Amino acid sequence: MAETHQPAPSLYEAREPIFPRRVGGKFRNLKWWLMGLMLGIYYITPWIRWDRGPELPDQAVLLDLANRRFFFFFIEIWPHEFYFVAGLLVMAGLGLFLFTSALGRVWCGYACPQTVWTDLFILVERWIEGDRNARLRLHRQKKMDARKLRLRITKWVAWFLIALATGGAWIFYFTDAPTLMVNLVTGNAHPVAYTTMLVLTATTFAFGGFAREQICIYACPWPRIQAAMMDEDTLTVGYRDWRGEPRGKHRKGAGAENLGDCIDCHACVNVCPMGIDIRDGQQLACITCALCIDACDDVMEKIGKPRGLIDYLALSDETRERAGETPRPVWKHVFRPRVILYTALWSLVGVGLLVALVLRPDVEMTVAPVRNPTFVVLSDGSIRNTYDVRLRNKHGEERPYALSIADNDGLAITLEGEDDLIVDVPANETYLQRVYVTAPSGSPEAQAERTGFELRLEDTTTGHSATKDTVFNGRDN
C-alpha cells in the first residue's frame with residue numbers, strides 16, 4: 001500500500017487584516033486633533049519663510065547637510081555645536097521615559113508617526129470602502145468584480161498620493177522648498193532627491209496601508225523597552241474584570257443579577273487598530289490608544305451602567321477597587337519619585353541647552369599652532385611662529401574682523417596675504433587665515449622655551465570680540 005505524505009502544518013498563522021470600526025468619544029477626538037496638528041506641522045513647516053540674507057535660503061527650518069548646519073527660526077547650529085543636537089536627542093529619550101512611566105505607551109497611541117499615518121490611511125479606507133462590516137465583506141469577497149477593483153484602485157491611488165506627499169515633504173527640509181519643488185516638477189532635481197522621495201513613498205505606502213500593526217509588534221523595539229519604564233503605579237489602559245465578569249449578553253431572566261457589567265458585545269475589540277482584546281489583560285501589542293475606552297463607555301451609557309469599565313488605571317489600585325474602595329487620585333500616580341526624577345533630568349538638560357544657547361559668543365575662532373617646524377629663525381635673529389586661525393562669521397553678510405595680540409607687547413603679528421590686520425570673512429562661512437607671530441632677537445619671548453599669550457579677534461562692525469590662549473615657542477637658550 002502506497003504511503004501518503006501529508007504536508008507539514010504551518011508553524012505561523014497567516015495574518016488576518018484588521019478593519020477597525022469607527023468610534024467617537026473624547027480619546028478619538030483627541031487623536032483627531034493631534035493627528036491634524038502633527039500632520040500640519042510636518043507638511044507646512046518647510047514652507048515657512050525666514051530672512052537669512054542673500055547667501056542662504058529664506059527657510060525657517062532647514063537641515064543644510066551640504067554646509068553641515070541646522071537652522072531653526074532664529075537659531076543656527078554649526079558643526080562644532082553638535083552638542084545642541086545631542087542634547088535634543090537626550091531630551092527626546094528622557095521625554096519618552098517620562099511619559100511612559102506616567103501614562104504608559106501614550107507616544108505609541110497618539111504621536112508615533114506609524115500611528116498617525118496608519119490612522120490617516122484607515123480614515124481614507126473608511127471613506128472609500130465603508131465602515132468595518134463593509135470592508136470585511138469586501139475583503140472576504142473572493143471574486144474581483146468591477147466594483148471591488150474600482151474601490152481597491154481608488155483606495156491605493158489615495159494612499160499613494162498621501163505617501164508621495166509624505167516623501168516629498170521630508171526632502172523639503174534639506175534644501176529650499178520652493179526651488180526644490182520647481183526642480184522636481186521640471187525634472188531638474190538631483191537624483192538623490194528623487195531616490196529619497198521614492199523610498200519614503202514606498203515605505204509609507206507599505207507601512208501605513210498594509211503592514212500597520214505588524215510594524216508595532218515586530219519591527220519596533222519600544223514595546224519591549226517600555227516595560228522597564230513602567231511599574232504598578234503607571235496609568236495605562238486596562239479592563240476592570242472585577243466589575244465586568246462574568247460576562248453575559250442577556251440582561252433579563254434568571255441569573256441575570258449574577259452577571260457583570262460586560263455584555264460581551266466585542267465593541268472594544270472591533271475598534272482596536274491592533275486587533276487585540278483588552279479584556280485579556282495587558283499585552284505587548286496594546287498601544288494604549290484608548291479607543292476601546294470610547295467604545296466601551298458608549299455601550300455602558302446605552303445599557304445604563306457606569307462608564308469606566310475599560311479605562312486608564314493603575315495596577316496598584318486593583319486591590320483597593322476590588323474591595324470597593326476609591327482609587328488613588330490621578331496626581332498621586334503621576335507625581336511619584338520616578339516621574340519626578342525623569343522630569344528633573346529632562347528639565348536640567350533643557351535649561352542647560354538654553355543657557356548654552358544664550359551664552360554662546362557671536363565671534364568665534366580656533367587657533368592651531370603649526371608644529372612643523374615649531375619656529376623659524378629669521379635673518380635678523382628674530383623668532384617666528386606660525387598659526388592656522390579659523391575665523392567664523394555667523395552673519396548673513398560679509399564682516400571685517402581685526403586680529404591682534406591682547407596681552408603681550410613684545411610680540412608682533414602679521415597676516416599672510418593681508419597688508420593690515422583686517423580680514424574680510426564671507427557671510428556664513430569659516431575662513432582659514434595663516435597668522436605669523438614674531439619675537440625680536442634677544443627678547444624674553446625669543447629666549448624662553450614657551451610663552452603664553454592671547455590672540456584677540458574683534459568684529460569691527462559690532463565691537464564684539466573673542467580671545468584664545470595659545471603658546472609662542474622660543475629658542476630656549
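The values are calculated or read from the model by the stated rules, or taken from the named source; none is laboratory data. Fair warning: this is a prediction, and the values are worked out from it, not measured in the lab. All Cβ positions, even for glycine, are placed from backbone atoms using ideal geometry, and neighbour counts span all protein chains on display. Ligands, DNA and RNA are excluded from the accessible area calculation, which covers all protein heavy atoms including side chains. Shrake-Rupley method; radii C 1.70, N 1.55, O 1.52, S 1.80 Å.
Residue count for segment 404-428 under the criterion of being in a strand (DSSP E or B) and either at pLDDT 90 or above or within 17 Å of L391 (Cα to Cα) (or both): the result is 9.
Selection of segment 8-34 for residues being surrounded by fewer than 16 Cβ atoms within 10 Å (Cβ to Cβ) and either touching a strand residue (DSSP E or B) at 6+ places or on another chain (Cβ under 9 Å) or more than 30 Å from R140 (Cα to Cα) (or both) yields K26, N29, L30, W33. State all residues of segment 91-119 that are closer than 21 Å to P273 by Cα and surrounded by fewer than 18 Cβ atoms within 10 Å (Cβ to Cβ); if no residue qualifies, say none. Selection gives A111, P113.
To keep it simple, each residue is scored yes or no on (1) open to solvent by less than 40 Å² (accessible area, probe 1.4 Å); (2) within 20 Å of C272 (Cβ to Cβ).
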{"position": "E76", "(1), (2)": "yes, no"}
{"position": "L89", "(1), (2)": "no, no"}
{"position": "I122", "(1), (2)": "yes, yes"}
{"position": "N133", "(1), (2)": "no, yes"}
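Residues of segment 359-366 include at least one that is among the hydrophobic types (A, V, I, L, M, F, W, C) and open to solvent by less than 70 Å² (accessible area, probe 1.4 Å).
Scanning segment 434-473 for residues that are closer than 30 Å to G53 by Cα, part of a loop (DSSP other than H, G, I, E, B) and in contact with an Asp or Glu (Cβ under 6 Å, 6 or more places away or on another chain) turns up just one, H464. Listed by position, the helices (runs of 4 or more DSSP H) contained in segment 257-323 that have at least 1 residues being open to solvent by 60 Å² or more (accessible area, probe 1.4 Å) and touching a residue at least 60 places away in the same chain (Cβ under 8 Å) are 291-303, 318-322. Looking across segment 333-350, just one residue is touching a residue at least 12 places away in the same chain (Cβ under 8 Å) and open to solvent by 80 Å² or more (accessible area, probe 1.4 Å), and that is W346. Taking segment 415-425 as the range and being under 48 Å from the mean Cα position of the chain (by Cα) and either more than 24 Å from G396 (Cβ to Cβ) or touching a residue at least 40 places away in the same chain (Cβ under 8 Å) (or both) as the test, the residues that pass are L415, E416, G417, L421. When each of Y431, Y401, Y387 is tested for being open to solvent by 50 Å² or more (accessible area, probe 1.4 Å), among the aromatic types (F, W, Y) and in a strand (DSSP E or B), the lone residue that passes is Y431.
Looking at segment 137-248, the helices (runs of 4 or more DSSP H) lying wholly inside it that each contain 1 or more residues that are in contact with a Cys (Cβ under 6 Å, 6 or more places away or on another chain) sit at 241-244. Per the listing G474, G452, the residue uniquely more than 20 Å from E76 (Cβ to Cβ), surrounded by fewer than 15 Cβ atoms within 10 Å (Cβ to Cβ) and at pLDDT below 90 is G452. Restricting attention to segment 359-376, does a residue exist that is assigned to a strand (DSSP E or B), among the polar types (S, T, N, Q) and either at pLDDT below 90 or in contact with a Phe, Trp or Tyr (Cβ under 6 Å, 6 or more places away or on another chain) (or both)? Within segment 359-376 (the criterion being assigned to a strand (DSSP E or B), among the polar types (S, T, N, Q) and either at pLDDT below 90 or in contact with a Phe, Trp or Tyr (Cβ under 6 Å, 6 or more places away or on another chain) (or both)), the answer is yes, since at least one residue qualifies.
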